[in-house]
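Reading through the structure tokens given below for one structure.
The values are calculated or read from the model by the stated rules, or taken from the named source; none is laboratory data. Only a predicted model underlies this, so the values are computations on that prediction, with no experimental measurement involved. A quick note on method: Cβ atoms are made from the backbone with ideal geometry, for glycine too, and the neighbour counts reach across all protein chains shown.
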Amino acid sequence: MAKNGERSYGRAKDQMRPVTLTRQVLKNAAGSCMVEFGDTRVLCAATIEDVLPPWRRGAREGWVTAEYAMLPASTNRRSPREQRGRKGRSMEIERLIGRSLRTVVAMRALGERTVTVDCDVIQADGGTRTASITGAWVALHDALRELARSGAVPRIPLTGQVAAVSMGIVDGRALLDLDYKEDSHAQVDMNVVGTADGRIIELQGTGEQMPFDRDQLNELLDLGQAGIKQLIELQKQII
């Protein structure tokens, strides 16, 4: 947020940054999406394999998982290239992405297959996890659509849509979709993952500099669910 209180893109407290979802950006992925929340850009790619993790074999159901990483030049100072198991934050985020996607996949209809959605942050300016989830669903949808078109499954094994957005209290104001400047000094930081019918999959909220009360929580949730509604509509438009 600027010193005069003006937000990026001159938006109001309940407005999101410009959001763009671009499908089919990778020819070798079963489904792909470049998602942009303002200056945050994440490349999401879905791959389907006819194998299951060892612990899942024999279940007669599929599995959906995710991997997340920030590329070295995605932030204003180069960070070392991530290696598997190295950064706890990345592991936590990829588990969140996987959990979010699995809630809307009919695993038995998917069959004994694994869908992996890779989310690589090309440029980070706040909200990388929420952008990843929103774009990952598009990549997942397209991958499963191609699976159905091939005749491997009778229909797309999806039960709904998923999107996510951040909210927070910054300088005493409840705001939707925080950019990095806002997020870095927010008194309260929150993310919500939700479905097209208004239900919540996951809510992450922390009083970074102060506790928050029920009224503030309700205000933040109202902002978040309004943002998810916008993202769901955008997903619908592009698919």
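If you go through the range 28-76 and keep only what is surrounded by fewer than 19 Cβ atoms within 10 Å (Cβ to Cβ), at pLDDT below 95, more than 20 Å from L144 (Cα to Cα) and in contact with a strand residue (DSSP E or B) (Cβ under 9 Å, 6 or more places away or on another chain), you end up with L71, A73, T75.
Any residue in the range 53-66 that is under 16 Å from V115 (Cβ atoms) sitting within a Cβ distance under 8 Å of a residue that is part of a loop (DSSP other than H, G, I, E, B) and basic (K, R)? List the pairs, counting only those 6 or more apart or interchain. From residues that are under 16 Å from V115 (Cβ atoms), the pairs are G62/R113; W63/R113. Against the condition closer than 30 Å to M107 by Cα, of a type outside the set (S, T, Y) and crowded, with 21+ Cβ neighbours inside 10 Å, how does V153 come out, does it pass? In short, no.
Criterion first (of a type outside the set (V, I, T), in contact (Cβ under 8 Å) with a residue 24 or more places away in the chain, surrounded by fewer than 12 Cβ atoms within 10 Å (Cβ to Cβ) and under 22 Å from T159 (Cβ atoms)) does R23 satisfy it? Criteria not met by R23. Residues of the range 177-215 that are closer than 28 Å to Q161 by Cβ and either β-branched (V, I, T) or assigned to a helix (DSSP H, G or I) (or both): Y180, E182, D183, V188, V192, V193, T195, I200, I201, T206. Within the range 183-228, if we keep just the residues that are among the charged types (D, E, K, R) and within 17 Å of G127 (Cα to Cα), the residue that is surrounded by the most Cβ atoms within 10 Å (Cβ to Cβ) turns out to be D189.
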